[in-house]
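Undergrad: My questions all concern the structure below.
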Amino acid sequence: MRIIKLLLLACTFVTISAKSQTDNYLLVHSNAPVQFDKITAATVRNAVNNVIKLSDERIKKITAVNANAHTVTNTLMAFDELQYDLTDLGMKLGLLGSSYVNDSARNAANEEAGVLSEYANNLLLNKDLYKALKEFSTSNNATALKPDEKKYLKETLIAFEKNGM
């Protein structure tokens, strides 16, 4: 019983701390259900703008790393976090766009899903981002990658190359 109380307390704390980081329910990363009933068209637009802004900042950080200073953390994990945020929001927008009852929020979700999708597709055309990942792939730090990390890096580079890099 004591363990259950501690788990409930921990879950409550995680939810509260995640909510305090953002008031936008679409940007909260949690295993708790998304509070879709509180989503408006403004919430949708705000979420997309915030994710794009955060992604641009992450790209600047990744591409600013010197060629010999790329690490799993500042390059590969940073790119993975960027991709995670885009994908997470994209999936939520897809759900809203196909099933939400509020017309303005549903329409905003469909419109903003297109904006987010175009942004995500254009990432694979970013020469500086590709260069940073490619430099990392040939560094000494990349030789110590775990098999799943090597696969992720290889497939990411292939995706860039299939798009023209």
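The values are calculated or read from the model by the stated rules, or taken from the named source; none is laboratory data. No experiment lies behind these values; they were computed from the predicted model shown. Quick reminder, even Gly has a Cβ in these numbers, built from the backbone with ideal geometry, and neighbours come from all protein chains shown. The accessibility values were calculated without ligands, DNA or RNA, using every heavy atom of the protein model including side chains. Shrake-Rupley method; radii C 1.70, N 1.55, O 1.52, S 1.80 Å.
Undergrad: Keeping all protein chains in the complex and leaving out DNA, RNA and ligands, what accessible area do you get for S99 with a 1.4 Å probe, in Å² to the nearest 10?
TA: 70
Undergrad: Can you spot the lysines whose alpha carbon is less than 25 Å from K150's alpha carbon? Ignore those fewer than 8 places along the same chain.
TA: Answer for K150, where 25 Å is the Cα cut-off: K60, K61, K127, K131, K134, K162, listed by chain and number.
Undergrad: Okay, moving on. If you stretched the chain out fully between Y152 and N140, how much longer would it get, using 0.36 nm times the residue separation minus the C-alpha to C-alpha distance?
TA: Residue separation times 0.36 nm, minus the Cα-Cα distance, leaves 2.6 nm.
Undergrad: Counting only heavy atoms of the protein chains, get the accessible area per residue of the chain (1.4 Å probe) and round it to a whole Å² value.
TA: With all protein chains present, the chain gives 63 Å² per residue.
Undergrad: With Cβ to Cβ distances under 14 Å as the rule, what net charge do the other residues near D37 carry (K, R +1; D, E -1)?
TA: +3
Undergrad: Taking the simple approach of a point 7 Å from Cα along Cα-to-Cβ for both A159 and K127, what is their distance in nm?
TA: 2.2
Undergrad: Now a separate question. If each of V101 and S30 carries a label point 7 Å out from its Cα toward its Cβ, how far apart are those two points in nm?
TA: 2.2
Undergrad: Go through L96, I39, N66 and say which Cα lies farthest out towards the positive end of the charge dipole of the chain; charges sit on Cβ, +1 for Lys and Arg, -1 for Asp and Glu.
TA: N66
Undergrad: Run the numbers for D80 and N66: contour at 0.36 nm per residue of separation, minus the present Cα-Cα distance, in nm.
TA: 3.1 nm
Undergrad: Right, another one. When the helices in the chain are scored as -39500 (n - 2.57) per DSSP H run of 4 or longer and the sum is shared across all residues, what 222 nm value do you end up with, to the nearest 500 deg cm²/dmol?
TA: Result for the chain, helices only: -24000 deg cm²/dmol.
Undergrad: If you roll a 1.4 angstrom probe over the protein chains with everything in place, what fraction of the accessible area of the chain belongs to carbon and sulfur, to the nearest %?
TA: Percent of accessible area from carbon and sulfur atoms in the chain: 57.
Undergrad: Next question, about the same structure. Just to verify a number: what accessible area does K92 come out at with the full protein assembly present, 1.4 Å probe, Å² rounded to tens?
TA: Its heavy atoms expose roughly 20 Å² to the probe.
Undergrad: Take M165, M77 and sort them by solvent-accessible surface of the protein heavy atoms, 1.4 Å probe, largest at the top.
TA: Numbers: M165 60, M77 90 Å².
Greatest to least solvent exposure: M77, M165.
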